[in-house]
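Notes follow once the structure below has been shown.
The values are calculated or read from the model by the stated rules, or taken from the named source; none is laboratory data. Just so it is clear, the structure is predicted and the values come from calculations on it, not from any experiment. Cβ coordinates were reconstructed from backbone atoms using ideal geometry, including for glycine residues, and neighbour counts include every protein chain displayed.
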Amino acid sequence: MVLSIVERIKGFLFRPSDTFDDSKDDTLGDAFKYYVVILAISAVLSAIIAAVAFSVIVGMGGPIAAVMMPFGAGTGALAAIGVFGATIAVGIIGIFIGGVWLHIWVYVVGGRNGLTQTIKAVMYGMTPSLLLGWIPIVSMIAGIWALIVEIIGIRQLHELSTGKAVLAVIIAIIIPAIILGALLAAFIASMPGLLSQGPGGPGFG
């Protein structure tokens, strides 16, 4: 089982087209087991980074450290537990929500091989990001790498052209980005009015 996972990791990193072709008959359960393993690796590595970072902050002192001081030596351990739990929870919930959202656009551009294949593409496509995304700076490269692998997965598993696979993934990213940007712009635009009201709210003449 371990060897199988290692071989799959190497395949999705360096031979994604062939590896996706070999994975067409995988069940969703097969893909999920693989995903949970690499998610757990990412969670452990992120937890270690968090523990070290919080311990360093406490050791340096300052206002932030003062807030953490009540937890004493356990600050790093608590940070590690929190990061590990959050990474696992967000990773599992997010992968299914993201898969369903992407599948809408995969279907629009002509993908007809089912939701399972889309979620498999997303799970397998996360390989670079989960294994390398915990490293500062490298995380940006890993994110782009994961996006490319995901596009290849959509193309191979849904038997689409590269252009259609790219289109589906880009639309799935752009629409939430536009909505988030609009909400952020509206919030920023409302800030002067909120600040002018002061802590007491609107004045009465």
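Points worth noting:
Residues checked against (1) at pLDDT 85 or above; (2) outside any loop (DSSP other than H, G, I, E, B); (3) among the aliphatic types (A, V, I, L, M):
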| site | (1), (2), (3) |
| --- | --- |
| LEU39 | yes, yes, yes |
| VAL44 | yes, yes, yes |
| ILE48 | yes, yes, yes |
| PHE54 | no, yes, no |
| ILE64 | no, yes, yes |
| PHE71 | no, yes, no |
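- Set side by side, the residues GLY85, GLY98, GLY125, GLY133 differ, and just one is on the phi < 0 side of the Ramachandran plot and in contact with an Asp or Glu (Cβ under 7 Å, 6 or more places away or on another chain), which is GLY125.
- Any hit, the stretch 81-104, residues being in a helix (DSSP H, G or I), small (Gly, Ala, Ser) and either at pLDDT below 95 or touching a Gly at 6+ places or on another chain (Cβ under 6 Å) (or both): yes
Residues checked against (1) closer than 20 Å to LEU39 by Cα; (2) modelled with pLDDT of 95 or more; (3) not in a helix (DSSP H, G or I):
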position	(1), (2), (3)
GLY111	no, yes, yes
LEU131	yes, yes, no
SER139	yes, no, no
ALA142	yes, yes, no
VAL166	no, yes, no
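- Of the residues making up the stretch 136-167, those that are more than 18 Å from the chain's Cα centre (by Cα) and at negative phi number 12.
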